[in-house]
Amino acid sequence: MEVSAINAASNDQRWFELRQAEEADFEPIAELCRAGGLLPWAPASLASGETKTVQVAVHNSQIVGLAKTHWHAQADGIAPAGHYLGGIIVHPGWRRQGIGAELTAARLRWIGQRAKYAYYFTNEQNQASRALHANLGFERLAEAEEIHSVRADDGASKLLLFEAELG
């Protein structure tokens, strides 16, 4: 599926707003991380720029979702250089309502303005992530114990590497 065809809801019908994260979002983002049982992301990881975007989903002034990209300038073993979909967090009370899909589509549109391919990797056990990304055209490239210095959260599973052609 082409990224241009991805649109779970039009902006008129979406009940949440997508936008780039701002400096003032740091504490609400930290709260979102804690609500999901995660440590807060470091402030430096929340800054968008030429090689990275950090997107938030906002409903009634509350940040209910967060997602970012990473730029890897160098290949690392099986992992090519390029733009990668990074972490995504949706508040537990707002999951399964399309927020993750919309945040992912927004990041893919952003990458598509800069590159022909997008990459992502996930723990082999993460079926929800694998299903979401399969619907967006990602195809499995490889598996490894470590990709770009990241290991599976449980330390025992493999990471699966995927690629999608954009455009």
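Of all the strands (runs of 3 or more DSSP E) wholly in region 48-124, which have at least 1 residues that are under 21 Å from residue 30 (Cα atoms)?
Correct list: 54-59, 62-72, 82-90.
Taking the residues in region 41-94 that are touching a Gly at 6+ places or on another chain (Cβ under 9 Å) and among the charged types (D, E, K, R) as candidates, determine which candidate is surrounded by the fewest Cβ atoms within 10 Å (Cβ to Cβ).
Here the answer is 52.
Tell me yes or no: at least one residue of region 68-76 is within 20 Å of residue 35 (Cβ to Cβ) and within 13 Å of the chain's Cα centre (by Cα).
yes
Looking only at region 31-46, decide whether some residue is of a type in the set (S, T, N, Q), within 30 Å of residue 158 (Cα to Cα) and modelled with pLDDT of 90 or more.
No.
Could you list, in sequence order, all residues of region 139-167 that are under 15 Å from residue 84 (Cβ atoms), more than 16 Å from the chain's Cα centre (by Cα) and not in a strand (DSSP E or B)?
Listed by number, the list holds a single entry, 149.
Could we say that residue 75 is hydrophobic (A, V, I, L, M, F, W, C) and in contact (Cβ under 8 Å) with a residue 40 or more places away in the chain here?
Here the answer is no, as residue 75 does not meet what is asked.
The values are calculated or read from the model by the stated rules, or taken from the named source; none is laboratory data. Source: prediction; values computed, not measured. Neighbour counts run over all protein chains shown; Cβ positions are idealised from the backbone, glycine included.
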